[in-house]
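Trainee: What follows is a structure written as structure tokens; I'll ask about it next.
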Amino acid sequence: MDRHAFLIICHQSDYNLQALIKSIDDECNDIFILVDKKSKNFDFHKVKDSAKMSKIQFSPRIKVVWGGYSLVRAEVTLFEFALNQGNYAWFHLLSGVDMCLKKQDEINRFFENHPDKIFVDFSADQKWLEQANNRIKYYNIEAGRNKLLRRLNKVYVLLQKLIGINRIKHADFEVAGGSQWCSLPRNFVKYLITRKDWIEKVFKKTFCCDEIFIQTLLVNSPFKDNVFASVEGIPCYLRYIDWKRGSPYVFNENDFDELKASSAFFARKFTYTTENKLIEKILEYNGLI
């Protein structure tokens, strides 16, 4: 049976993360976690004890800044770290506020029936794609959520527009993008790591390129025809993320039937509170508590 590597980028050792680990804990799975270097008081032992069957390993830590290239570096670090730890057939990139919606046997059967397929989201919205091109046309300051730095970055980008800077004017590749959360087969992950110097050259000092670099690499690669096309309501990237009701929407107990009926394997975003027991209901539905 194929082995799976689940890669999680997180910053808190909270109940959400522990529940996510419980939802993917299986003898066929190992879990690799990158903890944001900014995170303080992260309880590594408590998180490691959340899994009973899966081996949990922590990758080298990186200071992750929202919107900055550091998130790409974190993802590449996780992929390379997991790739070197074992002969995994699949690599699933998740955040610490995700949940697995399906039982592991069902997930394993699905992937065995779709060998070498690549499960990545591609946006078809032309306005979004135009903005994606703008994210890498100009040099950006890694401002994160710092208001002053973000204002300075706007001025910096405006000056570049005025003097005609365009980093990809003579590029020989097509730009694509979508959600960064994905499930990739081993052969493509190996290819991605061989291209990490190219990834850094193209995407360093860009803005929100975590939503662009995998898709752009993929459509300009020999693997472009391996992308999974949505069938029978199964999302092309196997995730259920609602951007219409939020940025993204945070699911609550009232959404349980909606999530249960979904064909997606994973969903985000979740926030556990004593009033919102949705996470526990999902675990209970899958027989995990």
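Trainee: So if each residue of separation counts as 0.36 nm, and I subtract the Cα-Cα distance between Lys103 and Arg245, what length gain in nm does that give?
Mentor: Stretched fully, the Lys103-Arg245 segment lengthens by 48.4 nm.
Trainee: While we're on this one: When the chain is treated as a GNM, springs tying every alpha-carbon pair under 10 Å, which of Thr273, Thr77, Thr206 comes out with the largest mean-square fluctuation?
Mentor: Maximum fluctuation in the GNM of the chain, among the listed residues, is at Thr273.
Trainee: Let me ask something additional. Quote the relative contact order of the chain in percent (integer), defining contacts as alpha-carbon pairs under 8 Å separated by 6+ residues.
Mentor: Relative contact order comes out at 22 percent.
Trainee: How much net charge surrounds Ile136 when only the other residues with a Cβ under 15 Å from the Cβ of Ile136 are counted, with Lys and Arg +1 and Asp and Glu -1?
Mentor: Summing Lys/Arg as +1 and Asp/Glu as -1 gives +1.
Trainee: Extending each Cα 7 Å along its Cβ direction at Met53 and Arg195, get the distance between those two points in nm, one decimal.
Mentor: According to this spin-label approximation, the distance is 3.4 nm.
Trainee: Hey, another quick one. Can you bin every Cα-Cα distance in the chain into 10 Å intervals starting at zero and give me the percent of pairs per bin, rounded to whole numbers?
Mentor: P(r) over the chain, rounded to whole percents: 6, 28, 36, 23, 7, 1, 0.
Trainee: For the chain, set up a GNM with springs between Cα atoms under 10 Å and report which of Leu149, Leu94, Leu184 has the largest fluctuation.
Mentor: Leu149
Trainee: For an R0 of 25 angstrom, estimate the FRET efficiency from the Cβ-Cβ distance between Ala124 and Lys147 and round to the nearest 0.05.
Mentor: 0.15
Trainee: Additional query: DSSP beta bridges in the stretch 1-157, what fraction antiparallel, as a percent rounded to 5?
Mentor: The antiparallel proportion sits near 0 percent.
Trainee: Once both labels are modelled 7 Å past Cα along the beta-carbon direction, what's the Asp172-Glu112 spacing in nm?
Mentor: The modelled label-to-label distance comes out at 4.3 nm.
Trainee: Highest GNM mean-square fluctuation, the chain, Cα pairs closer than 10 Å: which of Lys205, Lys52, Lys117?
Mentor: Ranking Lys205, Lys52, Lys117 by mean-square fluctuation puts Lys52 first.
Trainee: Right, another one. Between Asn87 and Asn252, 0.36 nm times their residue separation minus their Cα-Cα distance comes to what?
Mentor: 55.7 nm
Trainee: Whole angstrom only: what separates the Cα centroid of the stretch 161-207 from the Cα centroid of the stretch 12-26?
Mentor: That distance is 30 Å.
Trainee: Might you report the magnitude of the Cβ-based charge dipole of the chain about its Cα centre, with Lys and Arg at +1 and Asp and Glu at -1, to the nearest 20 debye?
Mentor: Using Cβ point charges on Lys, Arg, Asp and Glu, the chain gives about 1560 debye.
Trainee: Normalising by the residue count of the stretch 120-169, find the relative contact order in percent from Cα pairs under 8 Å and 6+ residues apart.
Mentor: 39 percent
Trainee: Rounded to the nearest 5, what is the percent of antiparallel bridges among the DSSP beta bridges in the chain?
Mentor: Taking every DSSP beta bridge with both residues in the chain, the antiparallel ones total about 30 percent.
Quick note: the coordinates plus some simple rules give every number you see, no bench work behind them. Model, not experiment: these values are computed from the prediction. Cβ sites come from the backbone with ideal geometry, for glycine too, and all protein chains shown count toward neighbours.
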